[in-house]
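Report on one structure; see the data block that follows.
The values are calculated or read from the model by the stated rules, or taken from the named source; none is laboratory data. Nothing here was measured: the structure is a model prediction, and the numbers come from that model. For neighbour counting, all protein chains shown are included, and Cβ atoms are generated from backbone atoms with ideal geometry for every residue, glycine included.
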Amino acid sequence: MATPLVELRNICIAFGGIKAVDDVSVDLYPGEVVGLLGHNGAGKSTLIKCLSGAYRMDSGEIRIDGRPVEINNPRDARALNIECIYQTLALADNLDAAANLFLGRELVTRFGFVDEARMEAETRRIMQRLNPNFRKFAAPVKALSGGQRQSVAIARAVYFNARILIMDEPTAALGPQETRMVAELIQELKRQGLGIFLIDHDIHAVKELCDRAAVMKNGQLVGVVRCADVSEDDLLGMIILGKMPEHLAV
Amino acid sequence: MSPALRQSLTLIGFAAVAAGFALALPDTFPTARNLINIAQQSAMLAVVAASMTIVMAMGDFDLSVGSMASLAGVVAAVLFAGGAPVWVGVAAGLAVGLLGGIVNGVLVAVVGILPFVATLGTLTIFSGGAFIVSGGKTIFGRAIPAPFADFARGGVPLDALGLEGLRLPWLSLTAAAVIAAVWVLLERRRFGRHLYATGGNAEAARLAGIPVVRLRIAAFALAGLGAAGAGLMLASRVASANPTQGAGLMLDAIAAVFLGMTMTRSGEPRVLATVAGVAVLGVLGNGLTQLRVDSYVREVLTGAIVLAAVAFATLGRRR
């Protein structure tokens with residue numbers, strides 16, 4: 001089999017003596033969507049924040065394309081083409097869509113001045129593709145609806161040619177139509193060969209969108225299964241009981 | 001209240017007050033000479049307020065700017081008294097400001113002390129330092145080199161504009177240059193964009209790869225530098241330095257930024273709005289002085305006006 005795009009190896013991270021993530025290993029292949037399932041506090045978000053640079057792991061190893069990498073902060077992650085859509089969206093509410101899309105990576109002119117015109121044009125271009133109904137380009141994002149804010153956060157992750165995309169509950173704040181839009185986007189990005197980690201509570205959505213699912217409970221990995229091999233009830237059992245389904249148990 | 005009304009309320013009030021002064025003082029208030037006078041009197045405040053806008057853009061405060069202005073003034077004056085050339089005194093004053101600002105930034109961004117508490121502490125330290133450096137005395141007279149004192153008295157002659165005998169003061173031009181620099185920094189550079197982003201959501205800024213700690217230190221360093229510059233301008237203007245002469249600048253600077261915030265669409269600190277706030281305070285001070293209103297009454301009025309403006313802005317934002 002080909003080299004995995006991402007290998008998370010034996011990741012451990014503790015907060016004040018509590019093991020939030022305890023020796024977890026998951027990998028991700030190009031063009032694959034891996035769902036991360038588990039209750040609140042199971043450690044899904046914490047695990048993935050080691051990959052996005054938001055947290056530093058205590059021990060373990062991250063490999064990209066088979067090579068070990070150091071990810072100490074969000075800048076390191078971005079340099080490795082890892083983009084993350086956080087559950088909180090991580091938007092600066094006082095700035096407009098373009099300013100948020102290019103936050104930390106502003107386009108500048110030859111003289112180092114912020115190039116507002118080009119950033120807005122680029123924002124319009126990508127929004128045309130992601131959310132054609134988006135109109136509020138000049139308003140601060142706090143004036144936008146949940147779905148519009150979400151599309152700004154998604155646009156930010158997609159615009160910069162991510163190879164590895166992390167989506168933390170991308171549809172939690174969305175209506176049915178916008179949720180469908182995100183699902184279509186995930187399919188399209190998959191076809192382009194991105195690897196996607198999808199953190200979600202919604203077993204149905206994970207079953208539908210993901211190739212494989214990794215289930216966590218109390219900081220530990222219950223198991224990784226192919227979504228085609230399991231039922232939604234099997235996944236639910238893994239989440240609640242912390243055990244592999246019988247027909248897959250070794 | 002509609003945002004447009006909220007935004008213009010301060011300006012409407014300002015226009016009404018200015019018109020009142022013009023009616024009450026027709027011979028001395030609405031004259032070119034007096035406007036230039038106001039521009040000169042307000043120059044120091046404009047510099048402090050513009051640099052205060054930098055830290056307030058990211059939601060922080062710097063309470064130490066007034067005592068830093070005093071400290072920078074006496075540091076320069078003591079060096080002058082010891083025979084140092086003008087450039088050495090000025091450079092030393094600015095260096096003290098930069099250093100003090102970096103200390104503020106480290107306390108806030110690295111140690112993690114609330115800006116209010118951290119800069120209250122350094123306010124006291126800088127103020128005590130100014131007394132120690134000056135021995136508690138006012139340094140004046142021959143100790144202050146003539147070129148340093150002449151700077152504040154000089155300016156660009158305006159005879160060509162038909163204003164015989166008037167000069168656009170160097171102090172005002174200096175303030176204009178500082179304002180322009182801060183405007184470019186805040187509105188046209190990535191630095192300013194990152195400051196506003198940090199003010200809006202510091203965690204989002206960090207996750208976007210913005211070096212928030214370094215950014216905050218830099219912002220406080222610039223506020224300290226601006227405060228020191230204003231302190232030197234003040235020392236030049238009165239051709240002397242004493243350890244308390246900058247004390248009034250801090251509250252007025254914060255007041256000017258707040259007044260400015262009532263005029264911006266988003267209610268955020270913006271440097272040009274801050275300049276408008278400085279103009280309000282400058283005109284008010286000038287007019288009331290000319291009307292022989294007691295300076296204590298003036299303080300009460302200034303405070304009340306700032307509170308009223310901010311109260312209206314707050315009520316206007318609430319829905």
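The table below lists the values:
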| item | result |
| --- | --- |
| Of all residues making up region B:236-264, the number that are touching a Ser or Thr at 6+ places or on another chain (Cβ under 8 Å), within 17 Å of B:Ile179 (Cα to Cα) and of a type in the set (Val, Ile, Thr) | 1 |
| Residues of region B:152-162 classified as surrounded by fewer than 17 Cβ atoms within 10 Å (Cβ to Cβ) and either of a type in the set (Phe, Trp, Tyr) or part of a helix (DSSP H, G or I) (or both), total | 4 |
| Of all residues in region A:42-55 being touching a residue at least 40 places away in the same chain (Cβ under 8 Å) and in a loop (DSSP other than H, G, I, E, B), the one that is nearest to the other protein chains (Cβ to nearest Cβ) | A:Tyr55 |
| Candidates A:Leu89, A:Leu101, filtered to the one that is more than 25 Å from B:Thr264 (Cα to Cα), touching a residue at least 24 places away in the same chain (Cβ under 8 Å), within 12 Å of chain B (Cβ to nearest Cβ) and crowded, with 20+ Cβ neighbours inside 10 Å | A:Leu89 |
| Wholly within region B:20-88, helices (runs of 4 or more DSSP H) carrying at least 3 residues that are under 25 Å from B:Thr262 (Cα atoms) | B:32-41, B:43-57 |
| Extreme residue, surrounded by the fewest Cβ atoms within 10 Å (Cβ to Cβ), among residues of region A:186-205 that are more than 13 Å from the chain's Cα centre (by Cα) and of a type in the set (A, V, I, L, M) | A:Ala205 |
| Residue check for B:Ser64: under 16 Å from B:Ala227 (Cβ atoms) and in contact with a Phe, Trp or Tyr (Cβ under 6 Å, 6 or more places away or on another chain) | yes |
| Candidates B:Leu120, B:Leu114, B:Leu186, filtered to the one that is free of Cβ contacts under 8 Å to residues at least 12 places away in the same chain and more than 20 Å from B:Gln41 (Cα to Cα) | B:Leu114 |
| Qualifying position, being modelled with pLDDT of 95 or more and surrounded by fewer than 20 Cβ atoms within 10 Å (Cβ to Cβ), among B:Val271, B:Val300, B:Val275, B:Val213 | B:Val213 |
| Count of residues meeting criterion [away from every other protein chain (no Cβ under 14 Å) and loosely packed, with under 14 Cβ neighbours inside 10 Å] in region A:125-144 | 7 |
| So B:Arg189, is it under 23 Å from the mean Cα position of the chain (by Cα) and not aliphatic (A, V, I, L, M) | yes |
| Any hit, region B:256-267, residues being among the aromatic types (Phe, Trp, Tyr), assigned to a helix (DSSP H, G or I) and within 11 Å of chain A (Cβ to nearest Cβ) | no |
| From the options A:Gly112, A:Gly66, residue that is surrounded by fewer than 22 Cβ atoms within 10 Å (Cβ to Cβ), at the interface with chain B (Cβ under 10 Å from one of its Cβ atoms), out of contact with any Phe, Trp or Tyr (no Cβ under 8 Å at 6 or more places or on another chain) and more than 23 Å from B:Ala202 (Cβ to Cβ) | A:Gly112 |
| Odd one out for B:Ala208, checked against (1) within 11 Å of chain A (Cβ to nearest Cβ); (2) surrounded by fewer than 20 Cβ atoms within 10 Å (Cβ to Cβ); (3) out of contact with any strand residue (DSSP E or B) (no Cβ under 9 Å at 6 or more places or on another chain) | (2) |
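To keep it simple, each residue is scored yes or no on (1) of a type in the set (Val, Ile, Thr); (2) surrounded by fewer than 19 Cβ atoms within 10 Å (Cβ to Cβ); (3) within 12 Å of chain A (Cβ to nearest Cβ).
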residue	(1), (2), (3)
B:Ser134	no, no, no
B:Asp150	no, yes, no
B:Glu164	no, yes, no
B:Ala176	no, yes, no
B:Ala180	no, yes, no
B:Glu187	no, yes, yes
B:Arg193	no, no, yes
B:Glu203	no, yes, yes
